[in-house]
Amino acid sequence: MTKANLPKRGRRPITFIVWISLGAIAIALLAFVLKDFFISKPEPHSMSPGTEHAQTADPFRNDGTVTIASRDGSRVTTIDVEIADNDRTRTQGLMGRTILHENRGMLFLFDDNEPRSFWMANTPLPLDILFVDAEFRIVRIHRNTRPFSEESLESGAAARTVVEVNAGFCDRHGISEGDRISWQRK
């Protein structure tokens, strides 16, 4: 018996099974494609625009504190810092970090007081960078630095210490060149 000779009722179950199978495959493909729209993603902390992946844990290591005081001493701000005091930690800095909570930063310590320059290569967070001389006076602030930039950000004067904080921190706390810092290791 050929297909043309089969009664219409004989062909229906096969057609029905094919349509059901095709429908199930289509639903599975649609679910796979649209899954990202229905799965809730956690909000990243302190991420710059264009950064796609958040770190799952805050890698911050609390080594000490930095206190920043206005020239007249009327305003004081204190932050927790990681301390970078050797070539390896100074070179690494905040590169690759996607999390830096408010009132936290990094303190770079150098053995000598000389002109310095930093860059933002491999750094996804926009930062404020404070260059500080041997008398603990802020000699230069680079505000709202551009993530991943290879532009050289220079101190413009001799600096022995550098502090990095989230972009906008200096504006939010009224920090300016001429203010002074002190720091303490834990």
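Kindly indicate whether any position in the stretch 160-171 is free of Cβ contacts under 8 Å to residues at least 12 places away in the same chain and either touching a Pro at 6+ places or on another chain (Cβ under 9 Å) or among the small types (Gly, Ala, Ser) (or both). No - not one qualifying residue is present in the stretch 160-171. Only one entry of 154, 164, 135, 114 meets the criterion of being under 19 Å from the mean Cα position of the chain (by Cα) and either more than 18 Å from residue 59 (Cβ to Cβ) or of a type outside the set (Phe, Trp, Tyr) (or both), and that entry is 164. Taking residues in the stretch 75-90 that are touching a residue at least 40 places away in the same chain (Cβ under 8 Å), and partners anywhere that are in a strand (DSSP E or B) and among the polar types (S, T, N, Q), the pairs with Cβ atoms closer than 7 Å and at least 6 places apart or on different chains are 79/65; 81/65. Kindly provide the set of residues from the stretch 149-186 that are surrounded by fewer than 14 Cβ atoms within 10 Å (Cβ to Cβ) and on the phi > 0 side of the Ramachandran plot, ordered by number. The answer is 174, 178.
Among strands (runs of 3 or more DSSP E) entirely within the stretch 67-186, having at least 3 residues that are at pLDDT 95 or above and acidic (Asp, Glu) singles out 104-118.
The values are calculated or read from the model by the stated rules, or taken from the named source; none is laboratory data. These figures come from a predicted structure and were not determined experimentally. Using ideal geometry, Cβ is built from the backbone for each residue, glycine included, and neighbour counts are taken over all protein chains shown.
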